[in-house]
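Everything on this sheet refers to the single structure shown next.
The values are calculated or read from the model by the stated rules, or taken from the named source; none is laboratory data. Small disclaimer: the values here were computed from a predicted structure and weren't measured. In this analysis, Cβ positions are derived from the backbone assuming ideal geometry, glycine residues included, and neighbour counts consider all displayed protein chains. Keep in mind that these areas ignore ligands, DNA and RNA; they rest on the heavy atoms of the full protein, side chains included. Shrake-Rupley method; radii C 1.70, N 1.55, O 1.52, S 1.80 Å.
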Amino acid sequence: MKMVRMIAAVAAVTMVATPVLAASLNSKDRARVARADPRDRDDVRYCLLQGKKGRDKGTAIGAGVGAGASIIAGGGVGETVLAGAGGAAAGRIIGKGSGTNSRCDEVLRRNR
């Protein structure tokens, strides 16, 4: 029974986390790159992509950790999915700040 719960939880977390892993710029970010100083455009694009990758990576890791902790604690499928979602939200917030370095922070601040 425990194995069935674990498989169901992993499947649910995988379905939630998979669409998140595709990092590309949306129209708002593309417009930000276009209005940036011509010398900074490549850096702005790079930094925006790095921030998204960090956020997405944090989301996937947080979902896995939350679901794993629930499985270890003996939670049911519902609790495991809920813990995975909570972990994904926390991981997204943590990953958002860790995806870039101080140089990227300065380039993005200069080109809002």
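Total residues in region 35-74 satisfying the condition of being farther than 14 Å from C104 by Cα and either open to solvent by less than 60 Å² (accessible area, probe 1.4 Å) or in a helix (DSSP H, G or I) (or both): the figure is 22. Once region 13-34 is narrowed to residues that are aliphatic (A, V, I, L, M), open to solvent by 70 Å² or more (accessible area, probe 1.4 Å) and touching a helix residue (DSSP H, G or I) at 6+ places or on another chain (Cβ under 9 Å), the residue that is modelled with the highest pLDDT is V16.
Looking across region 29-49, just one residue is over 18 Å from S102 (Cα atoms) and under 18 Å from the mean Cα position of the chain (by Cα), and that is D29.
Residues that are of a type in the set (V, I, T) and in contact (Cβ under 8 Å) with a residue 40 or more places away in the chain were ranked within region 33-68; the one that is nearest to G91 (Cα to Cα) is T59.
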